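Peer 1: Can you keep this structure in mind? I'll have questions shortly.
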Amino acid sequence: MANFSYIEKKDTRSGFGAGLLEAGEKNSNIVALCADLTGSLKMDAFAKEYPDRFYQVGIAEANMMGIASGLAIGNKIPFTGTFANFASGRVYDQIRQSIAYSNKNVKICASHAGITLGEDGATHQIMEDIGLMKMLPNMTVINPCDYNQTKAATLAIAEYEGPVYLRFGRPKVPNFTPKNQKFEIGKAVILNEGKDVSIFVTGHLVWNALEACEILEKKGISAEIINLHTIKPLDYRTIINSVSKTKAVVTVEEHLISGGMGESIASFLSTKWPSHIEMVAVNDMFGESGKPDELLRKFNLDTPSIVKAVDNVLKRKKLS
């Protein structure tokens, strides 16, 4: 297996903050809007450096999306920032009507996504946001895995023309991807080549998939680990190349099964290369308050759950 290690754990929201500041240095048309969560979104460095390009909208997320749409008409590149729950569910109408429908160049930056928001509980732990956003025509959906990749993704979407939903989180996770990496929208990253099973994973759980890969290797199972940081558009070529080799699939995401990355992969494969699939995701339920690691265990999103999913799909593959 490829050798992966990390020096420290860092939160992906800080990667966004660092990327936003650097993007702002490169392009004076970049502006930032925040819904009263400047510190939580790590947008404070940008606000301090470029106060004339920062707009504190307050707890008025729908208004923030409307303002961003207007700024985009004036050739600005607006980055909106709030919690994922408020960046998608609360303002779906405004995003659909004012941004996606007219293909506005607005970057919707959503922190504290998924269940690892932790103690704030179910009302803040949105796990259906990827489904909401990927269904919108013109919308690009990105979910990076660590600090470095989130920073690189932020820089990449600043140069991309069109609406983007960038999803990241609160907890500190292993920071293991290259520091100065080039982020290619729509291009998956193969972290480990394997021949027995394809594990497609996105977001914070990429590191858990790598941990599972080590466990599986000791059991004699060769797993291909693919970081699908871009959920829309999917990297269909990489998916089909991997699955045509392994003929078994496990998808891993911090999201509901309904509407998530796994659903998109299953839909694609059903018409191009029908395969045995197991999905590691939350099954039709809301979250609850708790520490991130405890919640990952309870909702079967941790490393042992990935190993179990691989065992299950390989049993079905063997019987076919």
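The values are calculated or read from the model by the stated rules, or taken from the named source; none is laboratory data. What you see is a predicted model; the values in this text were computed from it and never measured. Cβ sites come from the backbone with ideal geometry, for glycine too, and all protein chains shown count toward neighbours.
Peer 1: Any residue in the stretch 209-223 that is touching a residue at least 60 places away in the same chain (Cβ under 8 Å), under 18 Å from the mean Cα position of the chain (by Cα) and in a helix (DSSP H, G or I)?
Peer 2: Yes; the residues of the stretch 209-223 include at least one that is touching a residue at least 60 places away in the same chain (Cβ under 8 Å), under 18 Å from the mean Cα position of the chain (by Cα) and in a helix (DSSP H, G or I).
Peer 1: Working carefully through the options 251, 202, find the one that is among the hydroxyl-bearing types (Ser, Thr, Tyr), crowded, with 19+ Cβ neighbours inside 10 Å and within 13 Å of the chain's Cα centre (by Cα). It would help to see each step written out before you state the result.
Peer 2: Working: 251 fails: within 13 Å of the chain's Cα centre (by Cα).
After ruling out the rest, the residue left standing is 202.
Peer 1: Can you find even one residue in the stretch 269-278 that is surrounded by 15 or more Cβ atoms within 10 Å (Cβ to Cβ) and in contact (Cβ under 8 Å) with a residue 40 or more places away in the chain?
Peer 2: There is at least one residue in the stretch 269-278 that is surrounded by 15 or more Cβ atoms within 10 Å (Cβ to Cβ) and in contact (Cβ under 8 Å) with a residue 40 or more places away in the chain.
Peer 1: Residues being part of a strand (DSSP E or B) and without any contact (Cβ under 8 Å) to a residue 60 or more places away in the chain: count how many of those fall in the stretch 66-78.
Peer 2: Looking only at that region, the number is 1.
Peer 1: Residues that are over 18 Å from residue 65 (Cβ atoms): which strands (runs of 3 or more DSSP E) entirely in the stretch 98-178 hold 2 or more of them? So that I can check it myself, show each step before the final result.
Peer 2: Numbers: elements: 107-111, 140-142, 164-167, 172-174.
In the stretch 98-178, 172-174 are the strands (runs of 3 or more DSSP E) which contain 2 or more residues that are over 18 Å from residue 65 (Cβ atoms).
Peer 1: Using beta carbons and a limit of 8 Å, which pairs, at least six apart or on different chains, have the first residue in the stretch 166-182 and farther than 28 Å from residue 88 by Cα and the second one in a loop (DSSP other than H, G, I, E, B) and modelled with pLDDT under 95?
Peer 2: 176/4; 176/5; 176/6
Peer 1: Considering every residue within the stretch 169-188, establish whether at least one is buried (at least 21 other Cβ atoms within 10 Å of the Cβ) and within 12 Å of the chain's Cα centre (by Cα).
Peer 2: Taking every residue of the stretch 169-188 in turn, at least one turns out to be buried (at least 21 other Cβ atoms within 10 Å of the Cβ) and within 12 Å of the chain's Cα centre (by Cα).
Peer 1: Give me the pairs: first residue in the stretch 283-297 and under 11 Å from residue 117 (Cα atoms) and loosely packed, with under 15 Cβ neighbours inside 10 Å, second residue modelled with pLDDT of 95 or more and not aromatic (Phe, Trp, Tyr), beta-carbon distance under 6 Å, and six or more apart or on different chains, which are they?
Peer 2: Sorted first by the residue in the stretch 283-297, then by its partner, the list stays empty.
Peer 1: Residue by residue through the stretch 106-143, note down the ones that are touching a Ser or Thr at 6+ places or on another chain (Cβ under 8 Å), among the hydroxyl-bearing types (Ser, Thr, Tyr) and either more than 25 Å from residue 162 (Cβ to Cβ) or buried (at least 24 other Cβ atoms within 10 Å of the Cβ) (or both).
Peer 2: Hit for the stretch 106-143 is 111, nothing else.
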